[in-house]
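These notes are about the structure you will find just below.
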Amino acid sequence: MNNSVQKSNSGKTLSVLSLVLSFFALISAGICCLTFFITLLIAIPFGILTIFLSFLAVISGTIGMSQARKSNSSLLISQIGLCLGIIAVSIIVIFVLVMFYSMQSTMLK
């Protein structure tokens, strides 16, 4: 007897999309942080792009994970995309908070 279990690919497309979006969000966050000290005209659009891409990555990773969980397939790619999306948003939020705090402290002197 041949007991072959067919693996399901449910949720793979959204998982890969989440991984790609979070990768681009991390690159955008790096560009935002590096260009913040040069000019705000470059840094602000990349910060907004990072937040937008990260939220799309988190949403698609969550949906991909729920689809993969329902079909009992691998969750690894969607979990990685979800985590990287959260990390990218965290980088931008922490960076903006630190910059505003440092600007405020220098203005008060």
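The figures follow:
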quantity: Förster radius 22 Å - calculated FRET efficiency between VAL98 and ILE38, Cβ distance, rounded to 0.05; calculated: 0.80
quantity: Acute angle (nearest 10 degrees) that the helix 40-70 long axis makes with the longest principal axis of the chain, alpha-carbon atoms; calculated: 20 degrees
quantity: Principal-axis tilt of helix 76-108 within the chain, Cα atoms, nearest 10 degrees; calculated: 10 degrees
quantity: Near-label residues of the range 47-76 by backbone N, under 15 Å of a point 7 Å along Cα→Cβ of ASN9; calculated: 68, 73-74
quantity: Estimated [θ] at 222 nm from DSSP helical runs (n ≥ 4, -39500 (n - 2.57)) normalised by residues in the chain, nearest 500; calculated: -29000 deg cm²/dmol
quantity: Highest average packing first - 82-89, 38-45, Cβ atoms within 10 Å; calculated: 82-89, 38-45
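FYI, it's all coordinate maths here, none of it is from the lab. The model shown is predicted, which means the values in this text are computed figures rather than measured ones. FYI the Cβ positions are ideal-geometry reconstructions off the backbone, even for glycines, and counts take in every protein chain you see.
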